[in-house]
Amino acid sequence: MNINGKHYRTIWPHGETSVEVINQNRLPHEFRTLQLKTAAECAHAIKTMVVRGAPLIGATAAYGIALAMREDTSDESLDHAHDMLLQTRPTAVNLRWALDRMRDRLRNHPREERAALAWKEAAAIAEEDVAVCRSIGEHGLKILREAAAKKKSGEPLNILTHCNAGWLACVDWGTALAPIYMAHDEGIRLHVWVDETRPRNQGASLTAFELGGHGVPHTIIADNAGGHYMQAGRVDVCIVGTDRVTANGDVANKIGTYLKALAAKDNNVPFYVALPSSTIDWTLKSGGDIPIEERSPDELLKMTGRLPTGGIATVEIAAPGSEAANPGFDVTPARLVTGFITERGTCAASEKGLRSLFPHASTSSA
Ligand code: MRU
């Protein structure tokens, strides 16, 4: 997608020596990129959320393995890089999916072939992510076309989204936002309610930045406002992304997603979850088994923003001494989800629904 008229992806290679990423911790105030030259630098970028969003975490980890193979192609080096990268963030299963795919691909090849092969496989993961997200966009577009056809002429279709599941969370396009970009591009009149997404504000700082860059009309709302707008009939459809879907269709996504799904159910607003198949964890039966990342209390107790003088500052917003708890994700039960939008089409949020699209997926690994 574009930033100031220039096309970017979130991650791109330099020869076979490093990868460059957009530093998402600086957005929307500053556009800065970073070069990652080692697996450890990739791990650090994932852990500190320079890169974030389930598919992008996977792609960055894959390049991390490729960078490790530049230095040492032994089995020990492969296992060490795999384990180090796997420990960076616990909830998004795309991380394990990408790392296992890299390790499985390299393991049975002679050491002298591994460096080139690793680079090729990481690039394939990134390319596939773009194609998969484009396909999610095309399938989701059909849902948005139908919803828009029900609107009175001239009225925009109002879509609510949570966190950032746009191109910044993937390599390009996004999951939840891909159908929105395509609908906007084909002239469907729409408007997006962007949940601010406390505590890290991925909605206010990333989703709004993306939508604005593409000219999509949008309004940032406090996380607690979504239910109110749904009651008032001002939300036609919700679309969110996800970090892990279990075999029965339960959905882990950014904290606050569950409350939106409850409000949507109570107000008969369709609630869709957009996902690549790399986000399905066939090894877990239900959402209660998903590891939920516990993040630093500082994300709640402090806020970062731009000062009138132009500088960026972090300020405390709570009384000194208060404790804070900060689960990064919650689980939305499958019964609250209207449907999944995947690269192979849409389906019910259930094991049967998922199996109808992915009949051959293995239950032994993600
Ligand atoms: O903590 P983050 O910013 O990595 O969380 C991101 C989300 O929860 C996204 O909604 C999810 O990864 C889906 S991204 C296509």
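What follows is calculated from the coordinates using simple rules that are stated; it is not laboratory data. All values derive from a computational prediction rather than experimental measurement. A quick note on method: Cβ atoms are made from the backbone with ideal geometry, for glycine too, and the neighbour counts reach across all protein chains shown.
Each of GLU294, GLU112, GLU20 was scored by other Cβ atoms within 10 Å of its Cβ. Listed from fewest to most, they are GLU112, GLU294, GLU20.
Which FRET efficiency value, to the nearest 0.05, is calculated for ALA348 and THR309 with the Förster distance at 51 angstrom and r the Cβ-Cβ distance?
Working: r = 53 Å, r/R0 = 1.03.
Approximately 0.45, to the nearest 0.05.
When you restrict to C-alpha pairs under 8 Å that are six or more residues apart and normalise by the size of the chain, the relative contact order lands at 16 percent.
Fewest neighbouring Cβ atoms within 10 Å first, the residues MET102, MET303, MET182 line up as MET303, MET182, MET102. Pair-distance distribution P(r) for the range 168-269, from all Cα-Cα distances in 5 Å bins starting at 0: 2, 12, 22, 25, 22, 13, 4, 0 percent. Ranked for footprinting exposure by Cβ neighbours inside 10 Å, fewest first, ARG96, ARG70 give ARG70, ARG96.
Available extension along the chain between PHE358 and ASN248 is 38.3 nm, counting 0.36 nm per residue and deducting the alpha carbon span.
To check you understand DSSP bridge types, tell me what percent of the beta bridges within the chain (both residues inside) are antiparallel, rounded to 5.
Working: 26 of 45 bridges.
The antiparallel proportion sits near 60 percent.
What full-extension length gain, to one decimal in nm, is calculated for HIS29 and LYS285 as 0.36 nm per residue of separation minus the Cα-Cα distance? Result for the pair: 88.0 nm of gain on full extension. Helix 54-71 versus the longest principal axis of the chain: what is the Cα-based angle in degrees, 0 to 90, to the nearest 10? Here the helix axis deviates by roughly 10 degrees. Averaging the sequence gap over all C-alpha pairs within less than 8 Å and six or more residues apart, then dividing by the number of residues, gives the range 2-128 a relative contact order of 22 percent.
As a test, work out the antiparallel percent of DSSP beta bridges whose residues both lie in the range 262-366, rounded to the nearest 5.
Numbers: 9 of 12 bridges.
In the range 262-366, approximately 75 percent of DSSP beta bridges are antiparallel ones.
Applying 1/(1 + (r/R0)^6) with R0 = 25 Å to the Cβ-Cβ distance of ASN4 and THR219 gives a FRET efficiency near 0.65.
The base-10 log of I(q)/I(0) for the range 138-357, evaluated at q = 0.17 Å⁻¹, reads -1.22 [Debye formula, identical scatterers on Cα atoms, solvent excluded].
Please report the spacing between the Cα centers of the range 126-164 and the range 189-232 in Å, no decimals. Spelled out, the Cα-based centre of one part sits 15 Å from the other.
Efficiency by 1/(1 + (r/R0)^6): what FRET value for ARG107 and ARG134, r their Cβ-Cβ distance, R0 = 45 Å, to the nearest 0.05? Approximately 0.90, to the nearest 0.05. Simple spin-label estimate for ARG234 and ASP298 gives 3.6 nm between the two label positions (7 Å along the Cα-to-Cβ direction from each Cα).
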